[in-house]
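See structure below.
The values are calculated or read from the model by the stated rules, or taken from the named source; none is laboratory data. All figures in this text were calculated on a predicted structure; none of them were measured in a lab. Cβ coordinates were reconstructed from backbone atoms using ideal geometry, including for glycine residues, and neighbour counts include every protein chain displayed. All accessible areas refer to the heavy atoms of the entire protein, side chains included, with ligands and DNA or RNA removed. Shrake-Rupley method; radii C 1.70, N 1.55, O 1.52, S 1.80 Å.
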Amino acid sequence: MRVAALIGSVLLWSANLSAQPSPAPPVPWNPAAPENRQVLPTFNYQTVESVLTAVNARFERRGTADRPALEVTFRNGRRAAILFGSCERQGAACKAISIQSVWVRPANIPADRLAANIQGFNQRYAFSRAYLTQDGKPALQRYLTADYGIIRGNLAVNLLVFADQAERFAVEVLRPAPAAPAARR
């Protein structure tokens, strides 16, 4: 239930984003920066937020000390929740994160077409998992572990690719099929 409540708050929070002024143009992420070779010993707010800042994502802390979470808006405008898992010391040392995006079920796509679109997406892309939530909402998820640490640049690339996958998902899965051409008389 906590995950569903957090994801619900992400959707509610995202409705308020359109009223905010546009930020300054982002500085491009530098994959060759020396700090990208640094090993992050664990996931926590500080380690993940520093990488989100580097990839020009906006974020807000959510959750509790024992169940930390972030609401994220990537530079391409796609939103996600980052849920920390396998945490110790009140969220100071977590061994996993789940990056999740959930969309409102599109009313203009029949359920069987949506399921087929999701299946096709999963066949084309292995990076993340697309699925329908229990209440029928389309979703995308990526799960990462850091049992023995994670390279900062690898986390950055995972976040950037997830943002790209969320964009592809919205375009390829959530758009209705094009209308068949009208028959000529």
Query raised in the report: Can residue 56 be described as assigned to a loop (DSSP other than H, G, I, E, B) and in contact with a helix residue (DSSP H, G or I) (Cβ under 8 Å, 6 or more places away or on another chain)?
Result: no
Query raised in the report: Do we find that residue 130 is surrounded by 15 or more Cβ atoms within 10 Å (Cβ to Cβ), in a strand (DSSP E or B) and in contact (Cβ under 8 Å) with a residue 40 or more places away in the chain in this structure?
Result: yes
Report task. Would you point out which residue out of 84, 121 is in contact with a Lys or Arg (Cβ under 9 Å, 6 or more places away or on another chain), aromatic (Phe, Trp, Tyr) and under 16 Å from residue 155 (Cβ atoms)? Result -> 84
Query raised in the report: Looking at segment 114-121, is at least one residue within 18 Å of the chain's Cα centre (by Cα), over 26 Å from residue 49 (Cα atoms) and not aliphatic (A, V, I, L, M)?
Result: yes
Report task. Could you tell me which residue of segment 61-108 is least open to solvent (accessible area, probe 1.4 Å), considering only residues that are among the charged types (D, E, K, R) and outside any strand (DSSP E or B)? Result -> 78
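Yes or no, residue by residue, for (1) under 20 Å from residue 72 (Cβ atoms); (2) in a strand (DSSP E or B); (3) open to solvent by 30 Å² or more (accessible area, probe 1.4 Å):
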position: 114; (1), (2), (3): no, no, no
position: 119; (1), (2), (3): no, no, yes
position: 134; (1), (2), (3): no, no, yes
position: 142; (1), (2), (3): yes, yes, yes
position: 150; (1), (2), (3): yes, yes, no
position: 156; (1), (2), (3): yes, no, no
Query raised in the report: Based on what the data block shows, is residue 31 under 25 Å from residue 154 (Cα atoms), part of a loop (DSSP other than H, G, I, E, B) and at pLDDT below 75?
Result: no
Requested in this report: Quick one: residue 123 ticks every box in (1) open to solvent by 40 Å² or more (accessible area, probe 1.4 Å); (2) closer than 28 Å to residue 67 by Cβ; (3) out of contact with any Ser or Thr (no Cβ under 8 Å at 6 or more places or on another chain); (4) at pLDDT 95 or above except a single one, so which number is it?
Outcome: (2)
